[in-house]
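Here's the structure, in structure tokens; my notes come after.
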2 protein chains.
Amino acid sequence: MAELQGNVLVGQSGGPTSVINASVAGIVAEALNHECIEEIYGGLNGVLGILQEDLIDLASESQQQIRALRHTPGAALGTCRYKLKKQQDFERVLEVFKAHNIRYFFYIGGNDSQDTADKISKLAQEQNYELRVIGVPKTIDNDLPVTDHCPGYGSAVKYLATTVREIACDNEAMGQGDLVSIVEAMGRSAGWIAAGAALAKRKDHPHDPPHIILLPEVAFNQEKVLEEVRRVLKREKYCLIVVAEGLVDADGNYLAADASTDAFGHARLGGAGDALGEIIEAGIPGVKVRVARPGLIQRSAAHLASKADSDEAFLAGQAAVRAAINGETDKMVTLLRGESDHYTCETGLAPLGEIANGIKKLPLDWINEDGVSMNFQFLRYVQPLIQGENTLPYDNGVPVFARLEKHRADKTLPAYEV
Amino acid sequence: MAELQGNVLVGQSGGPTSVINASVAGIVAEALNHECIEEIYGGLNGVLGILQEDLIDLASESQQQIRALRHTPGAALGTCRYKLKKQQDFERVLEVFKAHNIRYFFYIGGNDSQDTADKISKLAQEQNYELRVIGVPKTIDNDLPVTDHCPGYGSAVKYLATTVREIACDNEAMGQGDLVSIVEAMGRSAGWIAAGAALAKRKDHPHDPPHIILLPEVAFNQEKVLEEVRRVLKREKYCLIVVAEGLVDADGNYLAADASTDAFGHARLGGAGDALGEIIEAGIPGVKVRVARPGLIQRSAAHLASKADSDEAFLAGQAAVRAAINGETDKMVTLLRGESDHYTCETGLAPLGEIANGIKKLPLDWINEDGVSMNFQFLRYVQPLIQGENTLPYDNGVPVFARLEKHRADKTLPAYEV
């Protein structure tokens, strides 16, 4: 394999996570080790900034700031939900790549982003422009296929499980048989995150909170849920429910939805917790309902990130660079779990096309027969993903996060209308 | 002062905080030092359990568990919002005290709880039953008079400021001039908590998020707020708003309220964030609004408690015992700030009656003229209260909290109908 001399471009796309910046740090740290790599650019706001030739010089950032990316939430390069549609858009991306001698393109994102990366890669091949494209997985939704799990998921789950355990202390103190506490978890079409709240239970304490987990995978049955709530109230004096925002009834209708959709045509959700609360207040007279809707906090609580997750996000960034240097292209880095009982994680590669068009569902046989709790198979899967705590720097009582200088690379092309 | 020989009873009342259990730990730790104290009882669920003679033996708990109370959220003894009304209730409380030779009563709570403690103390004096009653302040609302601040407040504010700084990273990455992010803060009638979100700003960076803080102290003016949001969106590409749940308009109507009230007649609120979001979506076409409503998480996020707050809560518990041993009664422990620039905190005492009937308002001259940000006087006040982080034990990725054995003391009285 001949060495490919040229520049690197990194982009971030889709909703941020607590650890997506750790992947940028991994890419930069690894890229610095390879002499065939000259410049390391970051594309601002994903493909949106690339189209507009908004590139920054990542090599000129201080090492401190790059290191701080490992515990900084959000997406330090900015992100977007813009979907490349027109052929013209793809051609513009390649023009920008050519203008800046980009030979290595790393795109950190979920399904839609890997699809975008795949199409850019294919166009470069058509045009005989030598380009190595490696995707880095990212999504709290944990729904990418092939990879065992996705960076970002473990931290979201660690936040949720911790929060449930903490709120449960509060609820237990207040509960006198009439308190229902609802925590609304993110999760558009799958219950991966809500299911993770099961980690709040101590081992061998199935009656620990969360008492009821409502997943999009199990059609909402009002009578059954009310019955379950009554049973828990009697036993525990309070009832803590975790509900996925994408909960649906037997006809597939969202418990709560507004009509709007995002740029990719996904329904924008929110309000399943409130809707459920109203149902419970109406169905069980005298009950008091408290609803917490942490929303974006779930994907930005870096102060409580899983160290395992954050380290794997960094590792995935490093692996992407090494794969590209070794001549790989049109692939996404995957996380592979070892076979032994003791959890280990290595990286692998999978074709972008396979990622872009697939989706990983929460296995139905990981849900207990009651439909509202998770079994040991799920717990065995998810437990290792939340291990360990990051040590963050605090200044005056609040965590300090990275702030990139964002030195702009000179633009060399005419402006482009997005 | 003759030594008063007898037993201790500790109770917790009202909404829990992240550090209310640290005060119990302080009381137990200090009580063990004094030979005149024989048994240390905990009353379950505040006065409700005391009425029903539901007492537990705190001295028989392991030292590990008592120590773990220092980082455990909720109220380990249970709490209540039950208000003693009838004379008969107060007399029953004294009967229970007499039956168990309770000579030291420590009640940890807010205004209503201190009022209850005051009345019990007065009745004991009328009946010539020697009893020392010392209140320990507790409320995330920070609205108790006389004391400089209240245990629980600092941790709520540290959680909120951290969350705002983290969500801001996410919002900044996503913002393209059309993103409004709203975080709804607790705060029934005062903006103490919402105001504390100002600590998310770096020193000398007034444009840092939160860009707009909406307090109950400043009547909501729709046009003015929309104008401010437009200005911030233009400048920052996103706008992060912290809104207190008790926000009111010029006529004193809550922005969002439901009709129900709690046992003390306070309106139960929630939904100011959603209501504000609707106003902004209607007023600024094309804008996307995301609302986070952490709810009870704000008062239970012990993993992010302020060490200063948690230490002071412990200290207040210790001080209560020492004051009672020294013959004080019918007082509440207060926190006194030293005069020097370097923050110091000592405890003092104030008559319960003064606490019960007073309320500490957020000084209006701590709010900037713009009505949506806080000035240096507030920051100087609040900054010391969020300093330091507790070190929590984690097991399998989630924090481990205290679990009391709760060995019941024998009941000696006939049952009492509450």
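Report, by residue number, each residue of the range A:51-73 that is assigned to a helix (DSSP H, G or I) and either within 14 Å of chain B (Cβ to nearest Cβ) or under 22 Å from A:Ser300 (Cα atoms) (or both).
Selection gives A:Leu51, A:Gln64, A:Gln65, A:Ile66, A:Arg67, A:Ala68, A:Leu69, A:Arg70, A:His71.
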Q) Since A:Arg103 meets every condition but one in (1) under 26 Å from the mean Cα position of the chain (by Cα); (2) modelled with pLDDT of 95 or more, which condition does it not meet? A) (1)
Q. If you check every pair at least six apart or on different chains, which have Cβ atoms under 8 Å apart with a residue in the range A:189-202 that is closer than 18 Å to A:Asp148 by Cβ first and a residue that is polar (S, T, N, Q) and not in a loop (DSSP other than H, G, I, E, B) second?
A. A:Ile193/A:Gln298; A:Leu199/A:Gln383
Q. Residues in the range A:387-394: is at least one touching a Pro at 6+ places or on another chain (Cβ under 8 Å) and surrounded by 24 or more Cβ atoms within 10 Å (Cβ to Cβ)?
A. no
**Q.** Qualifying residues in the range A:1-36 (those that are of a type outside the set (Val, Ile, Thr), under 22 Å from the mean Cα position of the chain (by Cα) and assigned to a loop (DSSP other than H, G, I, E, B)) - the one surrounded by the most Cβ atoms within 10 Å (Cβ to Cβ)
**A.** A:Ser18
(Q) Looking at the range A:339-361 only, could you name the residues that are assigned to a loop (DSSP other than H, G, I, E, B), surrounded by 13 or more Cβ atoms within 10 Å (Cβ to Cβ) and without any contact (Cβ under 8 Å) to a residue 60 or more places away in the chain? (A) A:Tyr343
Q | Any chance B:Glu3 is touching a strand residue (DSSP E or B) at 6+ places or on another chain (Cβ under 8 Å), farther than 23 Å from B:Glu312 by Cα and either modelled with pLDDT of 95 or more or more than 14 Å from chain A (Cβ to nearest Cβ) (or both) | A | no
Q: Check the range A:160-170 and report whether any residue there is more than 8 Å from chain B (Cβ to nearest Cβ), within 19 Å of A:Ala302 (Cα to Cα) and in contact with an Asp or Glu (Cβ under 8 Å, 6 or more places away or on another chain).
A: no
Q: Check every one of the strands (runs of 3 or more DSSP E) wholly within the range B:127-237 and list those with 2 or more residues that are surrounded by fewer than 24 Cβ atoms within 10 Å (Cβ to Cβ) and over 18 Å from the mean Cα position of the chain (by Cα).
A: none
Q: Just need a number here: residues in the range A:37-50 that are outside any strand (DSSP E or B) and either without any contact (Cβ under 8 Å) to a residue 60 or more places away in the chain or away from chain B (no Cβ under 14 Å) (or both).
A: 3
(Q) Any residue in the range A:236-255 that is on the phi > 0 side of the Ramachandran plot sitting within a Cβ distance under 6 Å of a residue that is not polar (S, T, N, Q)? List the pairs, counting only those 6 or more apart or interchain. (A) A:Lys237/A:Gly175; A:Lys237/A:Gly177
Q.
Among the residues of the range A:293-314, what is the count of those that are within 11 Å of A:Arg70 (Cα to Cα) and either of a type in the set (A, V, I, L, M, F, W, C) or free of Cβ contacts under 8 Å to residues at least 60 places away in the same chain (or both)?
A. 4
Q: Could you list all residues from the range B:82-100 that are more than 24 Å from B:Asn326 (Cα to Cα), charged (D, E, K, R) and modelled with pLDDT of 95 or more?
A: B:Asp89, B:Glu91, B:Arg92, B:Glu95
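For the range A:374-418, which positions are of a type in the set (S, T, N, Q) and within 14 Å of chain B (Cβ to nearest Cβ)?
The answer is A:Gln383, A:Gln387, A:Asn390, A:Thr391, A:Asn396.
The values are calculated or read from the model by the stated rules, or taken from the named source; none is laboratory data. Predicted model only: the values in this text are computed from it and were never measured. Note that each Cβ is placed from the backbone with ideal geometry, even for glycine, and that neighbours are counted across all protein chains shown.
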